[in-house]
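Read through the structure below, which is laid out as structure tokens, and then see the notes.
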Amino acid sequence: MMGLLWLVPLLPFIGFIILALFGKRISNRGAAAVGCASVGLSAVISMLIAADFISFNPDGRAYSQVLWTWLQVGGFRPQIGLYLDSLSLIMVLVVSFVAFFIHLYSAAYMRGDDGYSRFFAYMNLFVGSMLTLVLADNLLLLYLGWEGVGLCSYLLIGFWYRDPANIRAAVKAFIITRVGDTSMAIGLFFLFLNLGSLNIQQLLGLASRSWPIGSGMAVAGAALLLGGALGKSAQLPLQTWLPDAMAGPTPVSALIHAATMVTAGVYLIARTHVLFELAPQVQAAVAVIGAVTLLVSAASALTQVDIKRVLAYSTISQIGYMFLALGVGAWSGAIFHFMTHAFFKALLFLAAGVIITAMGGEHDIFKMGGLRKTLPLAFWAFLAGAASLAAIPFITAGFYSKDLILWSVFSSTKGGVWLWLTGLAGAFLTALYIFRVFFVVFFGQMKAIPLRKRETLFIIPLVVLAVFSVIAGFVDLPGWMGAERFTGFISTSLPLTQTLPVGGGAEFMVDLLGAVVPLIGLLFAYLIYIRKPAFAANVVRNQAGRALNRFWLAGWGFDAAYDILLVRPFDRLSRMLRGDAIDLVYSGIAWLNRLVHLLLSGTETGRLRWYVLVLGFGGAILIGIAVLL
Amino acid sequence: MAPDDLRALLPFMILAASPVAVILAIAFYRGHALSFIISIAGLLISFGSLFYSFRYAPRAVTPLLIIDRYSLFFTGLILLATLAVSLISFGYLENRSYRRGEYYALLLSAALGASTLVASSHFASFFLGLEILSLSLYAMVAYTRGSRFSLEAAFKYLVLASVSSAFLLFGMALIYSYAGTMELAGLALVSRAGPSVFATAGLAMMLVGIGFKLALAPFHMWTPDVYEGAPAPVSAFVATVSKGAVFALLVRYFSAFSLHDYPYLFWVLAGISILSMLIGNLLALLQNNVKRILAYSSISQLGYLLVAFLASGPQSFAAVSYYLASYFVAMLGSFGIVAVLAGPRGELVNLEDYQGLVWNRPWLAGIFTGMLLSLAGLPLTAGFIAKFYIVSAGVQAGQWALVLVLAASSVIGLFYYVRVIAAMYSKRLEAVPYGEVPVGGGIAVAVLTVALLWLGIWPSTLIGIIQRMIYGN
């Protein structure tokens, strides 16, 4: 089975090629079939491979498959190879599995759209690139996948390209992630130059042998890669593109901007964890960035009125948790949370998509209300997702993964009480903001009559993802509740968290707080949005409250600040430089080329005697040089 | 002649028999399809017999020819390219009312001349092969004799080629007067004694003749006129088979003389290479005629090839072989598109005719884009790998000046390739009378596209073949 690994990323690419070449000729039904089947098949294959990997490979030895050597010149030997260990296996499983259900959902969601087959072509291209990214055994191929998913993200945010706002959002996402990608590309050159290899495993081995802990080289390498991860995963200070990215169709938000692509940064750091452990300063920065991001964006999520923007800020915040976990060396916690997050956040987006469709494209939660009775499917699905996101104790997957992170942050040698408190505060805000949406949308007065459509293709993905949002956490229970299976599995590729000696009692207390705080958040949401709806309005009426609300609604003013600090000065600078000396050099070169072209064209007279003359003279000069000199 | 000699020579004999078969068939029944089928069959059988005669290689067959891996590899390349040209020609000639059958006899004998060149080990076979090739080409260039341009092109080609042949012959004579032999092996022995004025002058004069055939600057003047005037499939043949064969011969003959003994000859060649790269690319810059653009492009491509040749060493050998293969594919594909698009009223060669091609003929526009990008040397096409090999050969040999000019002129080159591409993807101006896409030409360009991508993404197959050719097994 393992031998079939190459098919996993290839199948979606084949789907893409079929759709891209023949998209116009095949019916919508055919396009959906191609799109879903290619991803579904690769999900099936990855599950078979997973079964093989787990049953015949108890110590989790990595499997690598070299497909071909692109070219071989001297020491430069870029290979197209895949690398499967427990980390990439989890990624592949989650990506292909979630992607398949989102494809199914899209088949119904996009019905009637002009660009139906184009949509599936992009989506397949995305899945192929994402799978390439996580399976790549070298950084060059990883970078190819990395740029591929970036391209698809751009194409799909601007999918409805007739609206200029969507194009602006797409361009914004592309440019901001480009800042990170540039840093990452420099990091790649840096690593290749200093270590002489781009194969990830070789490179990590070389790094740990030749660079001492805390050396400048390791810090530079890790920091450059971190730059890439920040852009892709929408972490501070490169987070501003993600809320605008919601301009794309909702399945896109679910797949790319929640479940998979935005977690690529998390994957990159986990994959190159050796490098980050060699650079403790950078790793500490990862933790701090994660902590700040999760708090800042949770606060912003609290004030949004657009249901998708709430979820977007929530995504930034949850990835903040993953970064926090990476920063304290809780590798398995980060990957575990990636997995549960993929399920519940995709679920939340898909449920939101059902609501938005039913409300005729309305995004404002305050124009919805009382939808519990009329949209029972969306209600239950959203409830499952929200509970998991809020980490409602014991019965949801989100609880177990967030709990693992909080406990690791508390107990890790690299963690600390402050980071832990930030995480805890974030957990409170998370419960508050998501149940705010939940109560406002599904309870209270009905403000508009939803259009009900029965869509089988909506039901299956929602139910499956809801089930996983609840049960996926049981693979890893806290120490005092049972076995840490997931951590054990992941530990074959990522090291265990280094913990301080803390008593068992402390773990119980930390877990208890982690369980209680979300419930308090839920209670607050209930009190504010069900019991005393006037309360929120009162807060906003207050001057300070209004200012804070506006500030958070605008995402802490990052866009405005960037506009003033970067965009406008750059704009002004480029205006100033219009037609100056720097341009003159380049237009001078172009002008020179044109001049020489005109001069040379003059020699092509079409006259035979002139040609013979040139031939003769050329020959004479040539012989002269060769003989006389 | 031993029987094994004949066995080793089998591909060449089949190739020589097929134009005769075409002519005989015409004597009894004049049919375009019949001539076409005979020539396709001849080419395929000849190609198949390469694998048979491979078993007897290397073998010197008479002092004139040497059948080794090298000559068999390039003969294979020539046969495949000729096959592509005949496929493209069939549809092209169907649209025209000339007598079509004889064309294939000319094409096949030109291919025979080219194959003789790559197997040549004696000045006599060198000159013989060259003249067989050239004589067939004169007639092929003039084949659409209703066109004034066609006749003019043939005339120019005839006169200039004769002048260059004169140089070549005189150079051969000088070398013979010095070395007393015209055999390659003998020449190599003599040249080890050290350079002399006779040998240097002779080599320089031969270079003029070879430079003319390769359209290297400053012997390039004829190229645009001939490519423009000749029918598109013939231009494809001149650009690929004729040049490739002469280049393969250049590599074989000049590796017999070690160039380091002739420092000035080396510098002359380096100068020719730099001039060709720059002049070719600069001439194409604002050109509006697609066939002329391709002609200038071929001048610069041969300049790139010289860089690899001058790097010398086994790496350069591989680079030259790979580059020639990739250049064959891209050039045949480009001229193939021009031929395929030609309607009954004539070829469409102006840039305006290609405006908005993608809306009318999306597949052809896509294929042409791929071919042009390969000529420009962009990744995922064969051209990238080929150029990469050339650059790395140049760098390893420390030829920095050549590599820098190569890089700079590639940038200039990108401009005009993208200019054509931009035209194809811009808005359509008015309806252009594109012809129906003929089946043969369509198949040929489709296969060439697959080859282009295959060589770009999976180069190790061809590299493996080339490595075996150089090092044996």
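Can you give me the number of residues within the stretch B:215-228 that are in a helix (DSSP H, G or I) and either away from chain A (no Cβ under 11 Å) or open to solvent by less than 10 Å² (accessible area, probe 1.4 Å) (or both)? Working first, answer last.
Within the stretch B:215-228, the first condition is being in a helix (DSSP H, G or I), and the residues that meet it are B:222-228.
Among the residues that remain, those that are also either away from chain A (no Cβ under 11 Å) or open to solvent by less than 10 Å² (accessible area, probe 1.4 Å) (or both) are: B:222-224, B:226-227.
Summing the residues that are in a helix (DSSP H, G or I) and either away from chain A (no Cβ under 11 Å) or open to solvent by less than 10 Å² (accessible area, probe 1.4 Å) (or both) in the stretch B:215-228 gives 5.
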Query raised in the report: Where residues in the stretch B:166-191 are assigned to a loop (DSSP other than H, G, I, E, B) and free of Cβ contacts under 8 Å to residues at least 12 places away in the same chain, which of them is nearest to B:Ala60 (Cα to Cα)?
Result: B:Thr181
Report summary line: (1) open to solvent by less than 40 Å² (accessible area, probe 1.4 Å); (2) over 28 Å from A:Leu193 (Cβ atoms); (3) away from chain B (no Cβ under 14 Å) all hold for A:Leu82 apart from (2)
Query - Residue in the stretch B:152-162 that is without any contact (Cβ under 8 Å) to a residue 40 or more places away in the chain and more than 30 Å from B:Pro344 (Cα to Cα) present - result: yes
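Does any residue of the stretch B:243-253 turn out to be closer than 20 Å to B:Ala284 by Cβ and open to solvent by less than 20 Å² (accessible area, probe 1.4 Å)? Give the derivation first.
First pass over the stretch B:243-253, keeping only residues closer than 20 Å to B:Ala284 by Cβ: B:243.
Checking which are open to solvent by less than 20 Å² (accessible area, probe 1.4 Å) leaves us with B:243.
Within the stretch B:243-253, one or more residues are closer than 20 Å to B:Ala284 by Cβ and open to solvent by less than 20 Å² (accessible area, probe 1.4 Å).
Of the residues A:Ser208, A:Ser253, A:Ser197, only one is among the hydroxyl-bearing types (Ser, Thr, Tyr) and either in contact with a Pro (Cβ under 9 Å, 6 or more places away or on another chain) or outside any helix (DSSP H, G or I) (or both); which? Give the steps one after another, and end with the answer.
Values: A:Ser208 fails: either in contact with a Pro (Cβ under 9 Å, 6 or more places away or on another chain) or outside any helix (DSSP H, G or I) (or both); A:Ser253 fails: either in contact with a Pro (Cβ under 9 Å, 6 or more places away or on another chain) or outside any helix (DSSP H, G or I) (or both).
One residue alone meets the criteria, A:Ser197.
Here's the yes/no breakdown for (1) open to solvent by less than 10 Å² (accessible area, probe 1.4 Å); (2) in contact with a His (Cβ under 6 Å, 6 or more places away or on another chain); (3) in contact (Cβ under 8 Å) with a residue 60 or more places away in the chain:
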{"site": "A:Gln202", "(1), (2), (3)": "no, no, no"}
{"site": "A:Ser208", "(1), (2), (3)": "no, no, yes"}
{"site": "A:Ala220", "(1), (2), (3)": "no, no, no"}
{"site": "A:Gly231", "(1), (2), (3)": "yes, no, no"}
{"site": "A:Ala254", "(1), (2), (3)": "yes, no, yes"}
{"site": "A:Pro280", "(1), (2), (3)": "no, no, yes"}
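For every residue, the table says whether it meets (1) crowded, with 24+ Cβ neighbours inside 10 Å; (2) within 14 Å of A:Asp476 (Cα to Cα).
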| position | (1), (2) |
| --- | --- |
| A:Gly353 | yes, no |
| A:Met368 | yes, no |
| A:Ser401 | yes, yes |
| A:Trp420 | yes, no |
| A:Ala425 | no, no |
Query raised in the report: facing chain A (nearest Cβ under 10 Å), more than 24 Å from B:Ser297 (Cα to Cα), crowded, with 19+ Cβ neighbours inside 10 Å and among the hydroxyl-bearing types (Ser, Thr, Tyr): does that describe B:Thr200?
Result: yes
**Report entry** Among the candidates A:Tyr63, A:Tyr105, residue that is over 30 Å from B:Ala386 (Cα atoms) and more than 21 Å from the chain's Cα centre (by Cα)
**Finding:** A:Tyr63
Query - Among the residues listed as B:Phe368, B:Phe388, the single one being without any contact (Cβ under 8 Å) to a residue 60 or more places away in the chain and closer than 19 Å to B:Tyr92 by Cα - result: B:Phe368
Query raised in the report: Taking the condition in a helix (DSSP H, G or I) and either away from chain A (no Cβ under 11 Å) or without any contact (Cβ under 8 Å) to a residue 12 or more places away in the chain (or both), does B:Phe212 pass?
Result: no
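Could you tell me whether the stretch B:105-118 includes any residue that is within 20 Å of B:Leu216 (Cα to Cα), of a type outside the set (Gly, Ala, Ser), buried (at least 18 other Cβ atoms within 10 Å of the Cβ) and within 18 Å of the chain's Cα centre (by Cα)?
Within the stretch B:105-118, the first condition is being within 20 Å of B:Leu216 (Cα to Cα), and the residues that meet it are B:114, B:117-118.
Next, only the ones that are of a type outside the set (Gly, Ala, Ser) stay: B:117-118.
Next, from what is left, pick out any that are buried (at least 18 other Cβ atoms within 10 Å of the Cβ): B:117-118.
This time we only want the ones that are within 18 Å of the chain's Cα centre (by Cα), so: B:117-118.
So far as the stretch B:105-118 goes, yes, one or more of its residues are within 20 Å of B:Leu216 (Cα to Cα), of a type outside the set (Gly, Ala, Ser), buried (at least 18 other Cβ atoms within 10 Å of the Cβ) and within 18 Å of the chain's Cα centre (by Cα).
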Query raised in the report: In the list A:Phe486, A:Phe474, A:Phe439, A:Phe435, which residue meets the criterion of being part of a helix (DSSP H, G or I), touching an Asp or Glu at 6+ places or on another chain (Cβ under 7 Å) and either modelled with pLDDT under 85 or closer than 20 Å to A:Arg372 by Cα (or both)?
Result: A:Phe486
Report summary line: The condition of being in contact with a Ser or Thr (Cβ under 7 Å, 6 or more places away or on another chain) and either free of Cβ contacts under 8 Å to residues at least 12 places away in the same chain or closer than 22 Å to B:Gly129 by Cα (or both) holds, among B:Leu65, B:Leu44, only for B:Leu65
Requested in this report: Determine which single condition B:Ala33 fails, assuming it passes every other condition in (1) surrounded by 21 or more Cβ atoms within 10 Å (Cβ to Cβ); (2) more than 16 Å from B:Met469 (Cβ to Cβ).
Outcome: (1)
Report summary line: Going through (1) exposed (fewer than 11 other Cβ atoms within 10 Å of the Cβ); (2) of a type in the set (Asp, Glu); (3) modelled with pLDDT of 85 or more one by one, A:Asp580 fails only at (3)
Query raised in the report: Any residue in the stretch A:166-188 that is in a loop (DSSP other than H, G, I, E, B), open to solvent by 20 Å² or more (accessible area, probe 1.4 Å), in contact with a helix residue (DSSP H, G or I) (Cβ under 7 Å, 6 or more places away or on another chain) and of a type in the set (A, V, I, L, M, F, W, C)?
Result: no
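Given the options B:Val234, B:Val290, B:Val241, name the one that is more than 10 Å from chain A (Cβ to nearest Cβ) and closer than 30 Å to B:Gly186 by Cα. Step through it out loud before you land on a result.
On the way: B:Val234 fails: closer than 30 Å to B:Gly186 by Cα; B:Val290 fails: closer than 30 Å to B:Gly186 by Cα.
Of the residues listed, the single one that is more than 10 Å from chain A (Cβ to nearest Cβ) and closer than 30 Å to B:Gly186 by Cα is B:Val241.
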Report summary line: By residue number, the members of the stretch B:154-172 that are at the interface with chain A (Cβ under 7 Å from one of its Cβ atoms), over 28 Å from B:Val197 (Cβ atoms) and open to solvent by less than 40 Å² (accessible area, probe 1.4 Å) are B:Lys156
Query raised in the report: Can you name the residue in the stretch A:8-25 that is open to solvent by 60 Å² or more (accessible area, probe 1.4 Å) and either in contact with an Asp or Glu (Cβ under 9 Å, 6 or more places away or on another chain) or assigned to a loop (DSSP other than H, G, I, E, B) (or both) and is also nearest to A:Val134 (Cα to Cα) among such residues?
Result: A:Lys24
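Results for (1) within 14 Å of another protein chain (Cβ to nearest Cβ); (2) under 30 Å from A:Leu67 (Cβ atoms); (3) within 22 Å of the chain's Cα centre (by Cα); (4) not in a helix (DSSP H, G or I), shown as yes or no for each residue.
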residue: B:Val411; (1), (2), (3), (4): yes, no, no, no
residue: B:Val420; (1), (2), (3), (4): no, no, no, no
residue: B:Gly435; (1), (2), (3), (4): no, no, no, yes
residue: B:Leu455; (1), (2), (3), (4): yes, yes, yes, no
residue: B:Thr461; (1), (2), (3), (4): yes, yes, yes, no
Query raised in the report: What number of residues within the stretch B:180-197 are open to solvent by 20 Å² or more (accessible area, probe 1.4 Å) and either of a type in the set (S, T, N, Q) or out of contact with any helix residue (DSSP H, G or I) (no Cβ under 7 Å at 6 or more places or on another chain) (or both)?
Result: 8
Query raised in the report: Only one of these conditions is not met by B:Ile175: (1) farther than 22 Å from B:Ser276 by Cα; (2) within 14 Å of chain A (Cβ to nearest Cβ); (3) surrounded by fewer than 19 Cβ atoms within 10 Å (Cβ to Cβ). Which number is it?
Result: (3)
Query raised in the report: (1) over 30 Å from B:Leu158 (Cβ atoms); (2) open to solvent by less than 90 Å² (accessible area, probe 1.4 Å): which one isn't true of A:Ala620, the others all being true?
Result: (1)
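Could we say that A:Trp556 is over 24 Å from A:Tyr400 (Cβ atoms), part of a loop (DSSP other than H, G, I, E, B) and open to solvent by 40 Å² or more (accessible area, probe 1.4 Å) here?
yes
The values are calculated or read from the model by the stated rules, or taken from the named source; none is laboratory data. Since this is a predicted model, take the numbers as computed values, not measurements. Ideal geometry is used to build each Cβ from the backbone, glycine not excepted, and the neighbour counts take in all protein chains shown. Surface accessibility is based on the protein's heavy atoms, side chains included, excluding ligands, DNA and RNA. Shrake-Rupley method; radii C 1.70, N 1.55, O 1.52, S 1.80 Å.
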